[in-house]
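Here is the structure we will look at, set down as structure tokens.
The values are calculated or read from the model by the stated rules, or taken from the named source; none is laboratory data. The structure displayed is predicted, hence computed values, not measured ones. Because the Cβ atoms are built from the backbone with ideal geometry, glycine has one as well, and the counts that use them run over all protein chains shown. These accessible areas exclude ligands, DNA and RNA; they are computed on the full protein's heavy atoms, side chains included. Shrake-Rupley method; radii C 1.70, N 1.55, O 1.52, S 1.80 Å.
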Amino acid sequence: MNPPLRRSAFGHLWAAQTASQFGANVTVVALPLVGAVTLRADALELGLLSAAGTLPHLLVSPFAGVWVDRHSRRRLLIGADLVRAALLLAVPVAAVCQLLSLPLLAVLALLIGAQGAVSDVGYSACLPTLVAPEELARANARFELTASGATIVGSSVGGVAVQILTGPWALLCNAAAYVVSALFTRRLPETGRARRPEAPGQENGAAREPDGARTALREEMRIGAAFVLRSRPLRAVTLATTVFNLFLFVSEPPLLVFLTHDLTLPASWIGTVYAASGAGACAGALVAGGVARRLGTTRTLFATLALAGAAGLAVPAAVLAPAPAVPALVAGSHFVTSALVIVFNVTQRTLRTTLTPEELYGRVNASIRTVVLGVAPLGGLAGGWLGHRAGAPTALL
């Protein structure tokens, strides 16, 4: 069992991550709804907005991995939270000044996404330093459980807040959540470069760095990517996740247009649809550890993605039969798929943490995230273009 200091530190990290996830999930619903409802954006414009918000995963994540390994993780996380809070406050200010537009929203989404990329890599790198190796699966499951709860509450709050307060003012909830996250993060012990010097070499097959020398930024990023490429399990998991994510992001812009324009659902209902994914994720987090122990890592990874893909067929079913569209989306796609994906995520995160030396946590996580989330802009643009050219229902089919 961990000593009291480490248990307390994990509690602070857990609380900070919960608040941050809440803010992020309000943003996921509220920011596109500002575009779809307040600014009446079409599928192509929503695709561009989605691409702007996810592009930092491709552009920023590799650098974030080096920063997280080389600098104080606590300070990086606090900075990312406070910058996101300030950026979100710019949306209602722009609305009051009658300056709110889709280009401005896209720029803000890009900058918020950049801070989110730093935050995600930082949390992933901090966690293994605060829990014992044998507790990693349980800790990852707890993170996923609270992230799922944040999805339920954040998505619901985001939809209701957009409907009651109007979109721009709904983003005040996000800003407050990021401030709370920063306050909890301040209580964490220092990890990363501020806590200890970099090890002179890497273990488990990683390339060795010269003693006492500060490796160039490009070389440091290459070390993390090379470690992933040399590991067959990490390569396989990264490729599978990338393919799954690509088509998930393709579906998002036409799905939002389908819900808002074709079905003319109110914002609160749309928030409920997205909250269903959080409920499914909660279910997945509760059973993830037991499923992996019973089936084994390889079978769990394969079965969860295969079944999640099958459950995703509920979306075209809803398009073909619009009357039961909302129940089908909630029960079939969002709930079941999210539950399976969370089991997959808990299993693969535990796997990659056990295969990675501590001094490479940030760079390996960043290398994987760059690939698996780097397809998000391409998927968002493709989905927006398909929805614009063929219509949202056809694009979803």
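Residue under question is L340, and the condition is that it be under 30 Å from D69 (Cα atoms), assigned to a helix (DSSP H, G or I) and open to solvent by 20 Å² or more (accessible area, probe 1.4 Å); does it hold? Criteria not met by L340.
Each row is one residue, and each column tells you yes or no for (1) surrounded by fewer than 22 Cβ atoms within 10 Å (Cβ to Cβ); (2) at pLDDT below 80.
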{"residue": "L5", "(1), (2)": "yes, yes"}
{"residue": "S8", "(1), (2)": "yes, yes"}
{"residue": "G11", "(1), (2)": "yes, no"}
{"residue": "A19", "(1), (2)": "no, no"}
{"residue": "A36", "(1), (2)": "no, yes"}
{"residue": "L39", "(1), (2)": "yes, no"}
{"residue": "L49", "(1), (2)": "no, no"}
{"residue": "F63", "(1), (2)": "yes, no"}
{"residue": "R75", "(1), (2)": "yes, no"}
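In the range 84-104, the count of residues that are open to solvent by 30 Å² or more (accessible area, probe 1.4 Å) and of a type in the set (V, I, T) is one or more. Taking the conditions (1) over 30 Å from L100 (Cβ atoms); (2) surrounded by fewer than 24 Cβ atoms within 10 Å (Cβ to Cβ); (3) modelled with pLDDT of 65 or more; (4) not charged (D, E, K, R) in turn, G201 satisfies each one other than (3).
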